[in-house]
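Read-outs throughout are calculated quantities, based only on the coordinates presented, and are distinct from any laboratory measurement. Everything numeric here is computed off the predicted structure, so don't read it as measured data. Glycine also receives a Cβ, built like all others from the backbone with ideal geometry; neighbour counts cover every protein chain displayed.
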Amino acid sequence: MQSYVKLKKILDNLQPYSIKLGLERIKALLKALSNPQNSFKSILIGGTNGKGSVAQMLNDSFLQKGYKTGLYTSPHLILLNERIKVNNAYVDFDLLLDLALQIEPLAREFDVTYFEFLTALSFLAFKKLKVEYAILEVGMGGEFDATNVVEPILSVLTSISFDHTEHLGKTIEEITKTKMAIIRKIGIIGKNSPNVINLIKQSSNADLYFVDEIYLSRAKQFDLNFLKCDYEKENLACAFLAIDCLNKYYNLGLDTQAIKNTYWPARFEIIKSANKTFIIDGAHNVDGANRFLECAKKIKGSKMLIYSSLKQKEYQKILNMLSFYFDEIIITKTNNRNSIDKDDIKFENKNYKFLEDANTSLLYAQQSNYENIFIAGSLYLAALAKACMLEENLP
């Protein structure tokens with residue numbers, strides 16, 4: 001793990017919590033690195049929820065047909081190289097460190113952010129490992145996201161709703177416009193409100209394809225071994241439509257069989273432990289919480305929720321939504337400096353309890369009589385929970 005520690009030290013010096021919108025820094029950095037993003041064909045996946053699942057589904061479809069495939073997603077749960085995979089394997093830390101050392105002096109020169117550095121690092125790794133197709137998940141928004149420096153052969157927009165409003169805008173129209181900026185040639189649009197659909201139709205000159213009832217029906221009849229929630233069927237419909245268009249335009253011969261076994265962590269992920277069932281979901285915005293709740297209602301037996309959130313999220317609104325469906329709700333902090341604290345919460349509901357950290361909360365849950373323990377609200381909390389269950393220590 002020595003390479004991991006050195007790589008983490010380089011990245012920690014880049015102010016991981018800093019967000020600076022704009023493409024000038026990443027473009028200058030990539031130019032100095034001889035534009036590694038031009039060495040492979042790219043597919044961009046944007047939207048508010050479901051990006052990671054769709055990216056992994058497309059990745060699996062490409063792999064099944066023998067294409068050398070890169071997958072770049074964010075954030076990671078436990079180890080940083082979860083973000084950068086080639087042929088479904090995490091890229092080795094030794095290689096990532098070697099490439100990061102090439103980037104480091106240039107990163108200081110161009111004052112790049114943590115995410116911009118990682119994006120450039122993924123592009124270098126994909127070039128080094130001779131990736132043919134890279135599936136890239138947008139970090140935040142679209143127009144000014146570091147991934148948007150590529151020229152995608154196809155772009156996907158999953159569901160669009162409110163999130164990151166402090167950066168993307170306060171209205172659904174503003175958010176949609178920044179997200180649809182990733183569309184160049186061909187755009188796949190997932191299930192969305194009529195307002196979002198009409199805005200995209202009016203604002204884009206690309207070839208646009210919209211998920212319809214035919215694709216949703218096809219997705220509902222498709223058996224997924226791991227992604228069991230109904231909302232994943234909407235993501236699956238997006239992937240089906242994207243595959244059909246990739247075959248139509250580029251004759252790639254992709255099919256959907258590999259998607260049956262697509263696995264994406266912390267998306268209503270069920271882990272059995274002793275006499276309890278743990279369900280981990282990264283739901284961190286109102287739309288995600290609604291989708292999480294739809295699935296949670298179908299689980300039989302007594303239910304406890306362990307919840308955390310970042311302060312900039314609509315956590316009070318989400319808690320008010322969830323409070324009626326759980327027998328007890330534990331609110332806790334994570335190791336993120338922007339995590340909510342006890343003083344941030346209005347304890348209006350008698351079934352709320354605050355515990356100081358995730359480990360204490362999990363221990364409390366394990367010792368309780370509840371059959372089902374739900375963990376939601378933050379991917380940072382999901383990461384801590386998974387690490388505890390896997391008996392791993394977070395670096």
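Here are the numbers for this structure:
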| quantity | calculated |
| --- | --- |
| Relative contact order %, the chain, counting alpha carbon pairs below 8 Å whose residues are six or more apart | 16 percent |
| Compactness of segment 1-60 - radius of gyration and Dmax, Cα, Å | 15.4, 36 |
| Percentage, to the nearest whole number, of Cα pairs in the chain over 34 Å apart | 28 percent |
| Residue exposure sequence - Met57, Met389 - by fewest surrounding Cβ within 10 Å | Met389, Met57 |
| The chain - share of DSSP beta bridges that are antiparallel (%, nearest 5) | 25 percent |
| Neighbour-count order for His76, His284, fewest beta carbons within 10 angstrom listed first | His76, His284 |
| Whole-Hz ³J(HN,Hα) from phi, Karplus 6.51 cos²θ - 1.76 cosθ + 1.60, for segment 138-154, glycine and proline x | 4, x, 8, x, x, 4, 10, 6, 4, 5, 7, 7, 7, 10, x, 6, 7 |
| Among the listed pairs Lys311/Lys386; Lys8/Lys177; Lys65/Lys127, those beyond 29 Å (Cα-Cα) | Lys8/Lys177 |
| Kirkwood hydrodynamic radius (C-alpha pairs) into Stokes-Einstein, segment 208-333, 37 °C and 0.692 mPa s, D in µm²/s | 197 µm²/s |
| Where Rh is the Kirkwood radius over Cα pairs, Rg/Rh for segment 269-389 | 0.91 |
| Part-to-part distance (alpha-carbon centres) for segment 227-251 and segment 169-218, which is given in Å | 15 Å |
| Karplus 3J(HN,Hα) series, Hz, for segment 258-272 with 6.51 cos²θ - 1.76 cosθ + 1.60 (x for Gly, Pro) | 5, 5, 3, 9, 4, 10, 9, x, 6, 10, 6, 7, 9, 10, 8 |
| Cysteines without a disulfide-compatible partner [the chain; Cβ-Cβ under 4.7 Å] | Cys238, Cys245, Cys388 |
| Distant-in-sequence amide H partners of Ala134 (H built 1.01 Å from N, under 5 Å) | Lys41, Ser42, Ile43, Gly70 |
| Helical segments meeting 18 Å axial Cα length and Kyte-Doolittle -1.0 threshold in the chain (DSSP H) | 51-64, 93-110, 114-128, 230-250 |
| Whole-Å semi-axes of segment 78-221's equivalent ellipsoid (Cα gyration tensor) | 31, 19, 13 |
